[in-house]
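Below is one structure, written out as structure tokens; the observations come after it.
The values are calculated or read from the model by the stated rules, or taken from the named source; none is laboratory data. Because the structure is predicted, anything quoted here is derived from the model rather than measured. So basically every Cβ, Gly included, is an ideal-geometry build from the backbone, and we count neighbours across all protein chains shown. Just the protein is used for accessible areas: all its heavy atoms, side chains included, with ligands, DNA and RNA removed. Shrake-Rupley method; radii C 1.70, N 1.55, O 1.52, S 1.80 Å.
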Amino acid sequence: MRKPLIAGNWKMNKTIAQTRALIAEMLPGLTAVEGVEKVICPPYLALASAREMLEGTDIGLGAQNLHWEASGAFTGEVAPQMVAELCAYVIIGHSERRTYFGETDASVNKKVKAALAAGLTPIVCVGETLAENEAGRTAEVVGGQTREGLKDLTVDQMSKVVIAYEPVWAIGTGRAATSEGANAVLADIIRPALKDMFGAELSQAVRILYGGSVTAANAAELFAQPDIDGALVGGASLKPADFVKIVEAAK
Ligand code: 13P
């Protein structure tokens, strides 16, 4: 019922030339896999070039951030319509943006609404830090980020949102959550929060991805879990053969 989605978050990696080379390398393998929604999210400056290369393929394009205002005096920022000219998706509230760039649940909420208004599919990131995890605060933190980040959306709006659960302690560490552990957060924390806010039907219809040290080796086990609908992949999305294997594992 929920179509699997695999998104590659390239983070601050790859120039335009490198982006073109990487897409050329992964395109044949990615387009060969059917039944999986496939998305890559290169840096802003490479998006136009990536768009050209993906034209006519079934690979979606996403940005890694946006601003919530439509235009104006916000030096260095990118507006939703600018993203929507090139992309169908946008990552919002990644933990690196929360940690290094002061993003809050309130800014995430504004960005989600602005992205939806521009016709984009937001991929909204939530996840607890190691200290929060060890203090037994995962439910409070992840539940809170879900409730605050998605506050005041209509059911119709929420039906277009994708959530990514990315425990901060698993990102770039080579230490992925266990498949059961990740599934439990989705099943026992995120979907119940969505049920409270938007109703039972929607809570089962929303796609929730796992992110954090997903590799070609652990992907299949993660995707075998009932509540995990795909992955937001960092490091391994820059390795064509590995990324294609992860997409294949989601089939
Ligand atoms: P890694 O896959 O490199 O751990 O990164 C995960 C991530 O942050 C994706 O958004």
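Points worth noting:
- Sites Ala205 and Ala17 - FRET efficiency at Förster radius 41 Å, r taken between beta-carbons, to 0.05: 0.50
- Cleavage-rule hits (GluC sites (Glu not before Pro)) in region 73-117: DSSP loop, at most 15 neighbouring Cβ within 10 angstrom: Glu77, Glu85
- With protein chains left intact and a 1.4 Å probe, residues in the chain average 43 Å² of accessible area per residue.
- The radius of gyration of the Cα set in region 152-201, together with its Dmax, comes out at 13.2, 37 angstrom.
- Sorting Met53, Met12 by accessible area puts them as Met12, Met53; the probe is 1.4 Å, largest comes first, and only protein heavy atoms count.
- Where chymotrypsin sites (Phe, Trp or Tyr not before Pro) fall in DSSP loop in region 14-89, at most 15 other Cβ within 10 Å: Phe74
- The HN-Hα couplings worked out from phi for region 59-76 by the Karplus form 6.51 cos²θ - 1.76 cosθ + 1.60 (θ = phi - 60°) are 9, x, 10, x, 9, 9, 5, 7, 9, 8, 7, 6, 5, x, 7, 9, 3, x Hz, whole numbers, x standing for Gly and Pro.
- Taking only protein heavy atoms and a 1.4 Å probe, the accessible area of region 198-248 is 53% carbon and sulfur.
- The fraction of Cα-Cα pairs per 5 angstrom bin, counted from 0 for the chain, comes to 1, 7, 15, 19, 21, 18, 12, 6, 1, 0 percent, rounded to whole percents.
- In Å², nearest 10: area of Leu150 left accessible to a 1.4 Å probe: 0
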